[in-house]
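Below: the structure, in structure tokens.
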Amino acid sequence: MLFLGPFYNWINTTSLSRVNHFPLVRLIVFSLDKTILYLLIFAALRCLWLLVTKRRTTFGRELKLGIFVGYLMLLFALTVFRDVYYPWQLHFHWNRPLSVINIRPLVETLKLQHAASHFDLWYQSLGNIAWFMPLGFGIPWVSKRRRRLAGTVIFGLLTSLSIETLQFLLISGVADIDDVIFNVIGAIFGYNLYRLFHHRK
């Protein structure tokens, strides 16, 4: 870790390291560390592009764009690039059988009801919904051209399919149709929250 190493070491030495889901805590800190690095790179490239093109903008717009891009980076770091820090560490598995992809809606999720802990069930359903709510909120918040539900749903669907495809090719997660379903639902919820917020504003 380049930025949050001392923070992670502090967490690791406290009682938090003895919690049941500490690997999830480690994943979050590791993903935040990567997000900081690549967000700084994005900010530098964005500033360079604005200088070269002499495009007019505002601090508020750039701040919103940075927040949204940072969210997307964190999302992919948590779901796809879990153990990868730099692009040259990527290793794609092109010969994986398609049979490992779960294409049966909600079957695997419902099985989690009988697991020893219901944490996986809630994370599979509500977690996947919650992670995509900022996406549904952020698209119309950042872009003036994409403020319709259909555009948000399509963007959410494509983002979710990209995550599942990369998880399949990188073996960094389970490619599951349930994730896509819950992700799209989350994007719809986030869009409705934006509409509510925008209407009140």
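The values are calculated or read from the model by the stated rules, or taken from the named source; none is laboratory data. Not measured: the values here are computed from a predicted model. Virtual Cβ from ideal backbone geometry, glycine too; neighbours counted across all protein chains shown. These accessible areas exclude ligands, DNA and RNA; they are computed on the full protein's heavy atoms, side chains included. Shrake-Rupley method; radii C 1.70, N 1.55, O 1.52, S 1.80 Å.
Would you check which residues across segment 167-201 are part of a helix (DSSP H, G or I), open to solvent by 30 Å² or more (accessible area, probe 1.4 Å) and within 21 Å of Arg82 (Cα to Cα) and list them?
Selection gives Ile177 alone.
Kindly indicate whether Val142 is β-branched (Val, Ile, Thr) and within 19 Å of the chain's Cα centre (by Cα).
yes
Checking the condition free of Cβ contacts under 8 Å to residues at least 60 places away in the same chain, within 25 Å of Tyr191 (Cβ to Cβ) and part of a helix (DSSP H, G or I), which residue from Val25, Val52, Val69 passes? Steps first, please.
Working: Val25 fails: within 25 Å of Tyr191 (Cβ to Cβ); Val52 fails: within 25 Å of Tyr191 (Cβ to Cβ).
Just one listed residue meets the conditions, Val69.
Looking at (1) touching a residue at least 60 places away in the same chain (Cβ under 8 Å); (2) more than 30 Å from Leu193 (Cβ to Cβ), which one does Asn95 not meet, given that it meets all the others?
(1) is the only condition that Asn95 fails.
Exactly one of these conditions fails for Ala43: (1) more than 30 Å from Pro140 (Cα to Cα); (2) out of contact with any Leu (no Cβ under 6 Å at 6 or more places or on another chain). Give me its number.
Condition (1) is where Ala43 drops out.
Taking the residues in segment 132-166 that are surrounded by 15 or more Cβ atoms within 10 Å (Cβ to Cβ) and part of a loop (DSSP other than H, G, I, E, B) as candidates, determine which candidate is modelled with the lowest pLDDT.
Looking at the filtered set, the residue picked out is Arg147.
Please work out which residue is nearest to Pro23 (Cα to Cα), limiting yourself to segment 112-129 and to residues that are at pLDDT 90 or above and surrounded by 15 or more Cβ atoms within 10 Å (Cβ to Cβ).
Gly127
Thr109 is checked against (1) surrounded by 16 or more Cβ atoms within 10 Å (Cβ to Cβ); (2) of a type in the set (S, T, N, Q); (3) without any contact (Cβ under 8 Å) to a residue 24 or more places away in the chain and fails just one. What number does that condition carry?
Among (1) surrounded by 16 or more Cβ atoms within 10 Å (Cβ to Cβ); (2) of a type in the set (S, T, N, Q); (3) without any contact (Cβ under 8 Å) to a residue 24 or more places away in the chain, Thr109 violates only (3).
Okay, residues lined up against (1) open to solvent by 30 Å² or more (accessible area, probe 1.4 Å); (2) closer than 21 Å to Pro134 by Cβ; (3) not small (Gly, Ala, Ser):
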residue	(1), (2), (3)
Leu32	yes, yes, yes
Tyr38	yes, yes, yes
Phe42	yes, yes, yes
Arg46	yes, yes, yes
Leu51	yes, no, yes
Thr57	yes, no, yes
Gly60	yes, yes, no
Lys64	yes, yes, yes
Phe68	no, yes, yes
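When you scan segment 7-23, do you find a residue that is more than 30 Å from Tyr194 (Cβ to Cβ), at pLDDT 90 or above and not basic (Lys, Arg), even just one?
So far as segment 7-23 goes, no, none of its residues is more than 30 Å from Tyr194 (Cβ to Cβ), at pLDDT 90 or above and not basic (Lys, Arg).
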